[in-house]
Structure formats: C-alpha cells, structure tokens
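Everything below concerns the one structure shown next.
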Amino acid sequence: MAWFVLIYLASLVLLLITAFWSIDPFTTQIVQVWNIDNFRIILTDPTYRTIVGRTAGLAALVTITDVVLAFPLAYYMAKVASRRVQSLLFAAVLLPLWASYLARVYAWILILNHSGVLNWSLQSIGLPAANIGYTNTAMWLVFSYIWLPFMIIPTYAALERVPDSLLEAAADLGARRWRSTLDVVLPLALPGVVAGSIFTFSLTLGDYITPILVGGAGSQFIGNVVYSNVGIANNVPFAAALATVPVLIMAVYLLTAQRLGAFEAL
Amino acid sequence: MASTHAGWVRTGCLVATAVLAVTACGSSNTPSGSTLLQPPTAKTAPQTTIGAGEGQLNLVLWDGYADKSWVDPFTAATGCKVNQHPAGSSDEMVSLMKDGGGGNWDMVSASGDADLRLIYSGDVKPMNTALIPDWTNFQTYFQGPPYNTINGVHYGISLQWGPNTLLYNTKKFVNPPTSWSVIYDPANKGLITVPDNPIQIADAALYLSATKPSLGIKDPYELNQTQFNAAVALLKSQQPLIKKYWALATDEISLFQNGDVTVGAAWPYQTIQLKLAGAPVADTIPSEGATGWADTWMLATKATHPNCAYLWTKWVSTPKVQAMQALSFGETPVNTKACAEMEALQPGSCAQYHADAPGSYFNTIKFWKTPIAQCGDGSNTCIPYDQWVSAWTTIKG
C-alpha cells in the first residue's frame, strides 16, 4: 500500500514539475526552463476557462441527475421490494456494465442522431424532430446513463444499513412517511449518496471519449485538450498544466466528501 | 535558429537562388524539396546496396496499406515477414516513431502533416532513391516533394496521395457547389462537418488566398501572424455552423448517411464508401483549389531490418502494387506507370483518380506539410505547428 501511494504521488509530482517547463516550438523537445506560462495561458485565455467550466459544470449536472434518478430506485430496492424483485433489479442495474462502454455510447448515437430511434419515434406520433444529436444535451444524457449504476449501488448500500426500527420509531412518534424520509433516511443515506457522487463526478470530469463521440462543435472537455496536446502538439508541459486542474477540483471534492462521511459508507 | 542556415548549401538549386527565389525551387516541381534548417539525421549516409532480407519487417502504417494481396507475394519472394501496426492518426504515428522507432519499428507510412515532425525529431533518416528502380517513374513532383525532401536529401519514398475534397448531398445541393464558401455559409448552419485536425487551418487559408488576395497568402502552410489570425477568425465564425468535427473517416460517413450533415470536407475514400452504400452524395474540387495529403514510406533511424525495409519500398513502388493499393484504398499512385495497371484492374480508374494528371495539376493541390517557424523565404515569421494546435483548441471552443 505504501509503495502504491509512493509511486502514485511521485507520478503526480513529476506531472506538476513538467507543467512548469515548456517545449521548443521547432523540435517539440521539452525545454527544462522554469516558467509559469502554461498556467498563465490557462488562467487568462477565455477558451480554457470555458472548457474547464463546461467540464466541471456538466460533471455536477450529471451527478445531480443521477442522485435524483438513483435515490428513489435505491430506496425501493432497499426498503420496499421483495427479495425476488430486489435481485431482479440488481441484475438490471448491473447488466449494462457487462457491455463495453463504447458499445453503450454508440447505442446512444444510434438513438439520438438525425435519423435515429428518437426522431423516428417523435415523427411517427406527429411531433417535430428533436435535434439533440451531437450537442452538449446529448453528452448530458449519455453521461447520466453511463454512470447511473455507480450512483445506485452506494446509495442502495447506505439505505440498506438504515435500520427498519428507526423508521418504525419515527412512525410511532407520529412522523408521516415523507417526514421520516426527510429527517431520518436522508441524513443516514447521505454518506452513500456522496460516495456515489464521487464516482459520477470524477468519471465525468476525466472522460474524453464521450465528448469525441456524441459531442458537437463546442463540446471539448479538459481531457480532450490534454489528449490533443500530448498526441497532436507533443506539448506535454501544457497538457500537464491543464491536467492539474481536475486534480485540484477532485482534491477539493474529496476533502468535502470526507467531511460528509462518504468514506465510511464505501 | 538563424545560425543553422549553414545547412543551406546542399543543392545547386539553392546556391543559385538563395537570395531571390527559394520558394520558386519548391513550386517549379524540381525534386529538390524544401530548403530549410538541417535535420539531425541529414549527414547519415544511406546504404548503397540492399543486402539479404532480415526475415522480419515491422511497419507503422495506415490501415489497409499492407493488404494480404500484395504482402503475401512480397513475403514469398523476399522471406520478410511483415508485422503491421495500423495507426489511427498522424499524431499516433509520430508518437510511435519517437526515439527513431526505438528499434521496434522499421518504417512508417507517414502523411505530409507528420513528415517534418518526424524528420526534425531525428526519428527518420535519409533513404537512397537509387535503390528504388521505380522512383524514376514517379510523377516529378513526388520524386522530391517539399514535405519529405529537405535541401535535396530524401527522407523517404513517396507512396500515394489524394485531394481533400468538398463532399455534398446531391439531394440538398441540386446545383453542385463550386466554391468552398458553402462550408462557411450560415445558410448551412448545423449541416456542416470538417475534419477535427489543426491542419484544417490551411484549408481556411487556401480559401482566403482566393477570396481575400490582400492578405497575400501564397502557401497555406506558411502563414505570418496576420494571415494566421485571418484564417483562425474565419474558422471561429464557422464553428457555430458546424454539426461535428469528424475524427475518423467512418464518423463522417455515418454523419452523411444519417442525414446529420449535408456538406463537408472529406477524402475520396468517404465518397466511394458512401456511394457504395447508396447515399446520394458527390464530391468536387472547388474553384479555390484544394489541400491534399500525400504519404511517404519513411525509414526509422533505429530500424533493425533495413534490407527488408528497402525491399518493401521497392515492392510497393512497382506499378502493379501501386495500382492495387490505389484501388483498394481510393487514392492515387505516384508511379506514372501504374495508370495502365489501374485500367487493367478497373477501366476508367486512372482518369477518375487523376493518376494520369499532368505536372501542372499538382500546383492546384496544396499538399499537407507540417507548419514550422521558418518560412520558405528563410525568415522565421511563420506560425509553427504548436500554435496551430492551440489555435485549433480555441476554434473548437
């Protein structure tokens, strides 16, 4: 474990160091002269602010969407469903994870494109076509779908741990169902929800494949810019500087999550 | 960088024209290529004979560039077993070839946008054209094009080429478009697709060279700051009109097939595939001309199977194999003798792919080359490729 931490931290430190170098524009070799130009560009060029904002914003939106979708289902699985229905639902939630990530994203392209299933269905009931293929809306839908199981499972685990006796006690004291959900279940399930949000948020934050496949003209994520700087421009220092942005965002996120007790829920 | 101009005195062409018309050397189709800084491997003398094959050949190539139909006879004749590593992009090729191929790769079928990067990183070394008998049958332009030949030294042997065409839906465009203006026209908002590649800035520059002559753009890959800014501004105004920047040829094919887009920049390959699938499309080279890609077999600096590499280059340069590859991939051979072979395989194909084009035809196509800081006139005012890449990021938003 200590080795793992050491190797991981050493890589992160190396990343940080590279970010303070630059490249020779002619040979694209790394020039080891200390400067903060890369960070200055990221902070001053509005393009990068837009891209960071888009990435973090969509990650937050996907997380909220998944909380709203996952909580009722997880609650039903943990507290209402019979044992049999529960296992069926479990299988249904986990089954998509058996299929490749790419297969599922491509399936969404088939649904959302101009002559896709969505528009075909809309037109067959007389509605105008929805033009959401290759847009940020499409990315929001696909991300929310892809990461949903990662929200359901920790939420379910947290809800499962809420003793029924507490709910009965609340009922005995005169609390109605929504009141006990709000005051008893929700606070106890919160660490699970936060744990799930770490998955949905960080997975969206670091993704670059879905933006390539279902994104449109203005759909670049931090990952896409990092990828093009490493692969196309051979500008590893700039890629390293930009890659520190999600590291910082996640550090803040994880510290907050720890305060909310998310790690005990995992 | 100015101090390295000593490397200039390499060709007679240059000595004669160093003051006045260095660019004229490139554009008059003499096989002297570009006149630039000396690459790291420039002094590496290429081998003068081809010895016995080493039994293996490791290639980084475009998918389909080593088809069974011409690899099997090659292996049977030379004993060189061909191991392929298809690359997805020029950038992947550049990164695979780092450190001279690292002893893992012998050759790469690099496109013009990658060539100078490979040459100036010292990842590829000069090749001896005397060992490739068919080289003398190549179109004059491709014997020493500026993207693979520097100061008269050949860093590879040209292979095939193709234009970047304007692809359109024939149902939407009843009258075929004749200008690139259709992909900058707000009337086509949300129905346009262009390649997700920084080299696309050159397409905008080419369009501006015709529509805004006051900018004085001569070579779309050698842009000064003003010209570069104008091209970037044009592309930024195009961004809201774009449905999607396509990364893979198959992406563009499905965009056209599903009706998501009706017009875009493409390769002949997409047109052929879409027509085979029955899609109502056609392509054209608009009045402003077109950019184009041209591929070169380059020899890795640390190649461990150089004899097999030369035997392979010799083989793929022969008219028959040139014709087979051209027809299977939808591109044009550089060997002029391939025309007859193409006609034999598929009547009419030689003219269809411009394999019989006269030398002047190649002045209408601006072949990809890596933009570098040094312009053709020797000054260092041109915008290098890393700035093309960061500008491309800001264009896409």
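All of the numbers you see were taken from the coordinates with simple rules; none came from a lab. Owing to the predicted nature of the structure, the values given are computational and were not obtained by experimental measurement. Glycine gets a Cβ as well: all are built from the backbone with ideal geometry, and neighbour counts include every protein chain shown.
B:ALA373 sits among other residues whose Cβ lies under 11 Å from its own Cβ, and their net charge, with Lys and Arg +1 and Asp and Glu -1, is -3. Computed from point charges on the beta carbon alone (+1 for Lys and Arg, -1 for Asp and Glu), the dipole magnitude for chain A about its Cα centre is near 420 Debye. Taking 0.36 nm per residue of separation and subtracting the current Cα-Cα distance, fully stretching the chain between B:LYS275 and B:ASN83 would add 65.9 nm. Stretched out straight at 0.36 nm per residue, the stretch from B:ALA76 to B:SER287 would grow longer than its current Cα-Cα span by 71.3 nm.
Pick out which of B:LEU255, B:LEU116, B:LEU223 has the largest mean-square fluctuation in a Gaussian network model of chain B, springs linking Cα atoms closer than 10 Å. Among B:LEU255, B:LEU116, B:LEU223, the largest GNM mean-square fluctuation belongs to B:LEU255. Binning all Cα-Cα separations of the stretch A:1-128 at 5 Å, short to long from zero, yields these whole-percent fractions: 2, 7, 7, 8, 11, 13, 14, 12, 9, 7, 5, 4, 1, 0. Distance distribution P(r), chain A, all Cα-Cα pairs, bin width 5 angstrom from 0: 1, 5, 10, 12, 14, 14, 13, 11, 8, 6, 3, 2, 1, 0, 0, 0 percent.
Just to verify a number: FRET efficiency for B:LEU345 and B:THR49, C-beta to C-beta distance, R0 = 30 Å, to 0.05? Computed FRET efficiency for B:LEU345 and B:THR49 comes out at 0.35. In this simple spin-label approximation, B:ALA249 and B:ASP99 carry label points 7 Å from Cα along the Cα→Cβ vector, and these lie 3.2 nm apart.
Extending 7 Å from Cα along the Cβ direction at B:LYS236 and again at A:ASP172 yields two label points whose distance is 6.9 nm.
Which shape class, rounded, prolate or oblate, goes with chain B when its Cα gyration tensor gives a ≥ b ≥ c as root eigenvalues, a/c under 1.5 marks rounded, and past that a/b bigger than b/c marks prolate? Judged from the Cα gyration tensor, chain B comes out oblate (a/c at least 1.5, b/c at or above a/b). When the C-alpha to C-alpha distance is required to be over 29 Å, the pairs from B:LYS81/B:LYS337; B:LYS125/B:LYS337; B:LYS43/B:LYS320; B:LYS314/B:LYS366 that qualify are B:LYS43/B:LYS320. Close amide H pairs (under 5 Å, H built 1.01 Å from N) link B:LYS81 with B:GLY55, B:GLN56, B:LEU57, residues at least 5 positions away or on another chain.
Shape index of the stretch A:117-266: Rg/Rh, with Rg the Cα radius of gyration and Rh the Kirkwood radius from the inverse mean 1/r over Cα pairs, equals 1.13.
Annotation: for a label point projected 7 angstrom from Cα along Cα→Cβ of A:ALA129, residues of the stretch B:178-192 with backbone N closer than 16 Å are B:188-192.
Cβ crowding within 10 Å, taken as a proxy for footprinting-reagent exposure, orders B:LEU299, B:LEU327 from fewest neighbours to most as B:LEU327, B:LEU299. Model label sites at A:VAL33 and A:ALA92, defined 7 Å from Cα along the beta-carbon direction, differ in position by 6.3 nm. When each of B:CYS308, B:CYS382 is scored by the number of other beta-carbon atoms lying within 10 Å, the sequence from fewest to most is B:CYS382, B:CYS308.
Taking a point 7 Å out from the Cα of B:THR304 in the direction of its Cβ, the residues of the stretch B:103-140 whose backbone N falls within less than 12 Å of it are B:103-106. For a bin width of 10 Å, list the pair-distance distribution of the protein assembly as shown built from all Cα-Cα distances, rounded to whole %. Reading upward from the zero bin: 3, 13, 22, 23, 18, 11, 6, 3, 1, 0, 0. Note on B:LYS172: lysines with a C-alpha under 24 Å away, same-chain residues under 8 apart excluded, are B:LYS189, B:LYS243, B:LYS244, B:LYS275.
What is the stretch B:87-187 by shape, rounded, prolate or oblate, if you read a ≥ b ≥ c off the alpha carbon gyration tensor as root eigenvalues and call it rounded for a/c under 1.5, prolate for a/b larger than b/c, and oblate otherwise? Verdict is prolate for the stretch B:87-187.
By other beta-carbon atoms within 10 Å, ranking A:ILE7, B:ILE199, B:ILE50 with the fewest at the front produces A:ILE7, B:ILE50, B:ILE199.
Per residue, the average separation of C-alpha pairs within less than 8 Å and at least 6 apart gives the stretch A:46-265 a relative contact order of 27 percent. Placing unit charges on each Cβ (+1 for Lys and Arg, -1 for Asp and Glu) gives chain B a dipole about its Cα centre, and among B:THR149, B:PRO358, B:ALA231 the Cα reaching farthest toward its positive end belongs to B:ALA231. Taken about its Cα centre, the protein assembly as shown carries a charge dipole of about 860 debye when Lys and Arg each add +1 at the Cβ and Asp and Glu each add -1 at the Cβ. With a 10 Å cut-off around each Cβ of A:45-51, the average count of Cβ atoms from other chains is 3. Figure legend: label point modelled 7 angstrom from the Cα of A:ALA107 along Cα→Cβ; no residues of the stretch A:191-215 have amide N under 13 Å from it.
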